[in-house]
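The values are calculated or read from the model by the stated rules, or taken from the named source; none is laboratory data. Since the structure is predicted, the reported quantities are computational estimates derived from the model, not experimental observations. Glycine also receives a Cβ, built like all others from the backbone with ideal geometry; neighbour counts cover every protein chain displayed. Surface areas here come from the heavy atoms of the whole protein model, side chains and all, with no ligands, DNA or RNA. Shrake-Rupley method; radii C 1.70, N 1.55, O 1.52, S 1.80 Å.
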Amino acid sequence: TQLLEQSPQFLSIQEGENLTVYCNSSSVFSSLQWYRQEPGEGPVLLVTVVTGGEVKKLKRLTFQFGDARKDSSLHITAAQPGDTGLYLCAGLNSGGSNYKLTFGKGTLLTVNP
Amino acid sequence: GAGVSQSPRYKVAKRGQDVALRCDPISGHVSLFWYQQALGQGPEFLTYFQNEAQLDKSGLPSDRFFAERPEGSVSTLKIQRTQQEDSAVYLCASSLRLAGGKHNEQFFGPGTRLTVL
């Protein structure tokens, strides 16, 4: 069974601070996705990283995929209250079940004004 | 709307009751997925349909869980003889193409929150 460990589980910061969320696994994934989920809603895809060592930027969010494609990080610069939500990483299996997403437990981020 | 819709949004059932949860995927989407999200957890894969064919049901927790997509569009997840441990949010997702591949985005619905008393 492939598992994704996310840390920290909870994070409460002040507006304007920077933060990093980590996603680690002992397994290799063909790609890794980051989602944001708000209460009462389904997850919404933020980014997909595919290549080991890849870095993608989405405004104040920077996503990195580890060289070995086993881990990833999400860095938010100058966090805003609108960034509040549950951040989930999900690995896409390789091989025959390459449609199956394995999710981490998520990091619940609260940005206080 | 153009997104994935699910109904009901909330369902309260007494232990032992049967429930049926509905998913309306985005029109034209070939692939459909069901996930279970327990409180404080990430979503866990339940089952996958390609059009009307159920290609993977390995994530269904027990034989009390049954899913169908008879015409390749709307899907129903049925849970028989509900138990308290079935309480969770059930998420449906659809994707445009045949699933598989790194860029085939899954679009999620808002989920149905099931509470079994």
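Values computed for the structure shown
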| read-out | value |
| --- | --- |
| Whole-percent carbon and sulfur share, accessible surface of the protein assembly as shown, 1.4 Å | 49 percent |
| Per-residue HN-Hα couplings for region B:23-28 [Karplus 6.51, -1.76, 1.60; θ = phi - 60°; Hz; x = Gly/Pro] | 10, 10, x, 5, 4, x |
| Peptide-level mean, for A:89-95, of C-beta atoms on other protein chains within 10 Å | 2 |
| Percent RCO, i.e. relative contact order, over region A:49-113, from Cα pairs under 8 Å lying at least 6 residues apart | 24 percent |
| Zero-based 5 Å bins, Cα pair distances in region B:54-117, whole percents | 4, 13, 22, 26, 19, 11, 5, 1, 0 |
| Other-chain or far-sequence residues with amide H under 5 Å of A:Lys100's (modelled H) | A:Asn93 |
| Area buried, chain B against chain A - accessible surface, total, 1.4 angstrom probe, square angstrom | 1800 Å² |
| Solvent exposure ordering (accessible area, 1.4 Å, most first) of B:Phe45, B:Phe66 | B:Phe66, B:Phe45 |
| Contact order normalised by residue count of chain B, Cα under 8 Å, 6+ apart, percent | 36 percent |
| Whole-Å distance, taken between Cα centres, linking region B:25-84 and region A:40-87 | 27 Å |
| Within a Gaussian network of chain B (alpha carbon springs, distance under 10 Å), most fluctuating of B:Lys14, B:Lys57, B:Lys78 | B:Lys14 |
| Kirkwood hydrodynamic radius (C-alpha pairs) into Stokes-Einstein, region B:1-108, 20 °C and 1.002 mPa s, D in µm²/s | 152 µm²/s |
| Chain A: relative contact order in percent, alpha carbon pairs under 8 Å with at least 6 residues between | 36 percent |
| Cα-based convex hull volume of the protein assembly as shown per residue, rounded to whole Å³ | 122 Å³ |
| B:Arg22 accessible area, assembled protein chains, probe 1.4 Å, Å² | 100 Å² |
| For chain B, share of DSSP beta bridges that run antiparallel, in % to the nearest 5 | 90 percent |
| Residues of type lysines that A:Lys57 reaches as a straight line, Cα spacing below 22 Å, ignoring anything fewer than 8 places off in the same chain | A:Lys70, B:Lys102 |
| Integer Hz, Karplus 6.51/-1.76/1.60 couplings in order for region A:59-64, x for Gly and Pro | 6, 8, 9, 10, 10, 10 |
| Computed over chain A, Cα set: Rg, Dmax in Å | 13.6, 46 |
| Per residue value of the accessible surface for region B:28-74 (all protein chains in place, 1.4 Å probe), Å² | 46 Å² |
| Per-residue ³J(HN,Hα) for region A:9-15, Karplus 6.51 cos²θ - 1.76 cosθ + 1.60, θ = phi - 60°, Hz, x for Gly and Pro | 6, 10, 8, 10, 9, 8, 3 |
| Projected-area average for region B:1-47 over all orientations - Cα convex hull basis, square nanometres | 4.6 nm² |
